[in-house]
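Accompanying notes for the structure given below.
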Amino acid sequence: MAEPERDVLEVDVLIVGGGPTGLAAAIRLRQLLDAHNARIDKDGSGDRLDLSIALIEKGNEIGSHAISGAVLDPRALRELDPEFEQNGCPLESPVTEDSVWYLSAGGRWPFPIIPPPLRNHGNFVASLGKVVRWMAGRAEAAGIDLLPGFAAAAPLIEGDALVGVRTGDKGIDRNGARRANFEPGIDIRARVTLLCEGPRGTLTKVLVDRFKLDEGRHPQVYAVGIKEVWECPKGSLTPGRVIHTMGYPLDHETYGGSFIYHMADDLLDIGLVIGLDYRNPHLDPHAQFQRLKTHPAIRPMLKGAKILSYGAKAIPVGGYYAVPRPQLAGCLIAGDSASMLNAMRLKGIHTGMKAGMLAAETTLEALVAGDTSQEFLSRYEQRFRASWAGREMYRVRNFHAGFRNGLLPGLVHSALQMISRGRGIRDPLPSGPGHERMRTLRQQFGASPPPTPEGARNDGGLVFDRVTDIFHSGTRHEEDQPVHLLVSDTDICETRCREEYDNPCQRFCPAAVYEMVPREGGGKRLQINASNCVHCKTCDIMDPYQIITWVPPEGGGGPEYVKL
Ligand SMILES: Cc1cc2nc3c(=O)[nH]c(=O)nc-3n(C[C@H](O)[C@H](O)[C@H](O)COP(=O)(O)OP(=O)(O)OC[C@H]3O[C@@H](n4cnc5c(N)ncnc54)[C@H](O)[C@@H]3O)c2cc1C
Ligand code: SF4
């Protein structure tokens, strides 16, 4: 098929991703530009700048793909807008109570003292979806062009520079033919592109490989967070109450824990985070999350409550040493895409926002200087590492690696790291890609592995199977489009992976996208139910053979977390 003619849109700055990082970058850039022009107007030195700034977001609306419910450290937000509360930032409640529990199968042991990094005094319980929609309103009012429903599908690279992105085509059918409503993607060319695509960014992944941005850095490591939002009986919650747990339902070799946040309006946010470096090929993160809700300390919290929403998303937990080189000519990478998250605190909103703001500062300087080379832009990385966000990450630089051998050694490492300001007994502690740690069936179970475990089943109100939970996520895609999960060799799924790992994609995908179904004539074949996908990126990360690539489906598709 001939390459279609594409429109070209030229902007000065393009931001990919309408999460907290991308929006903070957009707002800061506008603030800095206004300050720059005001200075020129005052002292008459230099030229005024008039910049076109656009932000694209693959979700149907800004906030559609933001997993609601978070504890927000307001440090970066306050720098962005010192009057964020007076200006109507929709926070649910200041944190009023912090607890950490160890859960055994039947009991709960509250920590007598909350470790300092887990104390949330001064932070807010917030719905990320609401916060980013508020930020989007402010960005739009400041003159930023927000383009939701547009997914960046490919980077535009010229020589050693990123010169923009190509958005995805719309109106292609499942066989790759053009439908009547075919619209070719457009090339958005920019002097500087900020990649703020969240965890396992599609373009970031291509650029990291192509320009070796991870050379000399630790590999990326992720966890997956699976969560639900429930509406509880009126008055049954204490807004601002924050509970973190460890232990049940995870065994001691698996990294992770749960969070429970009491929001305003009787909403309860509950989720489980599981390291995507788990070892048991039969582990099923969705089923583990469902088990969490049946724990005797947690079940009563959901009595009489009604589920409102479900979602899942990867979280970059590799920390300071896993931050790739976050710039190349014409491009800066910020937030979750660059692993700028404090894994110990499970917080990346404030560090992402700060990174976005620093990226904006560097971008304006580059445009004023007319120099968008990698050398000039490298001041962004220096600034990030020197900032409070970089220093905060540095203090917990070995946190995740400390848990490589399980919970108990992990707790000992954490304690030692805390008293040595992050150093611990070895610095850096070794790390490695999570998918390489999955054991084969034989390694896990010996010569006679148990049968394939079944996923969670609906119990009539508390526990849900995957398909019911997908319904709760509001996920919707155009059905007649090419599959956006590219499996480079399905023979491996049907032979080696089946024998060696019992097709773990059927379990690690929290949205029932991958199914091994009987093949006519015997055996099994892989069926991909792509329209269920909640865009969590787990398959791209955890597949033991690394043969799955997640690419953006048609813009506007995916979960719809915005309704909360
Ligand atoms: C379950 C869970 C709980 C969490 N709890 C907390 C918490 O309590 N406190 C905290 O501070 N942090 C928390 N985090 C982490 C926090 O959500 C992230 O660190 C933060 O959202 C990162 O912001 P970001 O803008 O970099 O990425 P994101 O928030 O992921 O935003 C990226 C945006 O880019 C869009 N996008 C991606 N690819 C493309 C593309 N190709 N084209 C166009 N658009 C694209 C996405 O749709 C998304 O809207 C949690 C994360 C999870 C998953
Ligand atoms: S297909 Fe992949 S990205 Fe989509 S929900 Fe499943 S694991 Fe997540």
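Taking all Cα-Cα distances within segment 41-124, those exceeding 23 Å account for 56%.
For the chain, the share of accessible area belonging to carbon and sulfur comes to 50 percent (1.4 Å probe, ligands and nucleic acids excluded). Across segment 122-253, Cα-Cα distances exceeding 24 Å account for 59% of all pairs. Shown here for segment 1-59: GluC sites (Glu not before Pro) in loop regions (DSSP other than H, G, I, E, B) with at most 16 other Cβ atoms within 10 Å, namely E5. Note: relative contact order over the chain, using C-alpha pairs below 8 Å and six or more positions apart, is 19 percent. Cross-link pairs exceeding 26 Å between alpha carbons, from the set K170/K354; K227/K303; K58/K205; K313/K354; K130/K347: K170/K354.
Using the 1.4 Å probe convention, the accessible area of the chain works out to 40 Å² per residue with neighbouring protein chains retained. When the P(r) of the chain is calculated, the portion above 36 Å amounts to 32% of the C-alpha pairs. Listed by chain and number, the lysines whose alpha-carbon sits under 26 Å from that of K524, ignoring those within fewer than 8 places in the same chain, are K537.
The values are calculated or read from the model by the stated rules, or taken from the named source; none is laboratory data. For clarity, every value in this text was computed on a predicted model and none was experimentally measured. Backbone-built Cβ (ideal geometry, glycine too); neighbour counts: all protein chains shown. These area figures cover heavy atoms from the full protein model, side chains too; ligands, DNA and RNA do not enter into them. Shrake-Rupley method; radii C 1.70, N 1.55, O 1.52, S 1.80 Å.
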